[in-house]
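Report on the following structure.
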Amino acid sequence: MSQLSSLCVYCGSSTGSDPIYLETASELGRYLANSGIRVVYGGGNVGLMGAVADGALAAGGEVIGIIPKALAEKELAHPGLTEMHTVSSMHERKMMMAELSDAFLALPGGIGTMEEIFEVFTWTQLGFHAKPCAFLNTSGYYDDLFSFLKNMVGQRFIKQEHLDILVIGKNHSELVQQLSEVKIEAFDKWIDRKEQT
């Protein structure tokens, strides 16, 4: 259905307070599998992470997990993945996830999810890669974050063109389709760059 072959999914190792988060994560996994899109994620067997992986695997999909040795036991590394890579550090984990993926999608999650999606979004902003980044805004989970990002634009710390690169949606199938179609254009990151003399 798309030019996406691998999608990196960032999400919580907890399930959150609303059952819709877990349900949506499972649905996303199944949808990706049925669409022939490989799931790349953090390798955990718990929370939304586990739900995405289980949903994809149950539908016959391919799921690749990357987890640091120090977290393999704490996050209960998933035993049934297509591939599991155990790495030495978080830096190595995130780099491998980025290298194996064509695009990045954040589901509801905590600090780790924010750190991961914003790191790859920064790389897009700086032109280090041209891979799109997205948020699945289940039940308005990210509404306040998007308001804050708009405030950053208003305060001249982000260009509107860079904020517009983010793909945002509440429907997983529409969002994945958008990710398969988006084209990343290069914009100068610096708002107040001084001319070289």
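Each value in this text was obtained by applying a stated rule to the coordinates, not by laboratory testing. Computed from a predicted model, the values in this text were never measured in an experiment. Glycine also receives a Cβ, built like all others from the backbone with ideal geometry; neighbour counts cover every protein chain displayed.
So the values come out like this:
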{"read-out": "Length gained when the stretch Met90-Glu27 is fully extended (0.36 nm per residue, less Cα-Cα span)", "value": "19.9 nm"}
{"read-out": "Mean Cβ neighbour count within 10 Å, used as a protection proxy, ranking 148-158, 175-185, 8-18 highest first", "value": "8-18, 175-185, 148-158"}
{"read-out": "Per-pair calculated FRET efficiency, R0 = 22 Å: Ser5 and Thr122 via Cβ, rounded to 0.05", "value": "0.40"}
{"read-out": "Linear extension gain, Asn34 paired with Asn151, 0.36 nm per residue minus alpha-carbon span", "value": "38.3 nm"}
{"read-out": "Charge sum, other residues only, whose C-beta stays under 11 Å from Ser139's C-beta, Lys/Arg counted +1 and Asp/Glu -1", "value": "-2"}
{"read-out": "Tilt relative to the chain, helix 111-126 - C-alpha long axis, 0 to 90 degrees, to 10", "value": "50 degrees"}
{"read-out": "Residue-averaged 222 nm ellipticity for the chain, from DSSP H runs of 4+ at -39500 (n - 2.57), nearest 500", "value": "-12500 deg cm²/dmol"}
{"read-out": "Global form of segment 61-162, assessed from the alpha-carbon gyration tensor, a/c cut-off 1.5", "value": "prolate"}
{"read-out": "Approximate shape of the chain as ellipsoid semi-axes (Cα gyration tensor, √5λ), whole Å, largest first", "value": "28, 18, 17"}
{"read-out": "Dipole of segment 120-189, positive direction: furthest Cα of Cys133, Gln177, Met152, with charges on the beta-carbon", "value": "Met152"}
{"read-out": "Rounded to 10°, Cα long-axis angle of helix 47-58 versus longest principal axis of the chain", "value": "60 degrees"}
{"read-out": "Helix 19-34 axis, angle to the chain major axis (alpha carbon atoms, nearest 10°)", "value": "90 degrees"}
{"read-out": "Under 23 Å between alpha carbons - lysine pairs in segment 38-197 that sit 8 or more apart or on different chains", "value": "18"}
{"read-out": "Trypsin sites (Lys or Arg not before Pro) restricted to DSSP loop in segment 35-90 with at most 15 other C-beta within 10 Å", "value": "Lys74"}
{"read-out": "Nearest-0.05 FRET efficiency for Lys183 and Asp144, computed from C-beta distance (R0 35 Å)", "value": "0.75"}
{"read-out": "Size of charge dipole - segment 1-156 - debye, nearest 20, with Cβ of Lys, Arg +1 and Asp, Glu -1, no other charges", "value": "280 debye"}
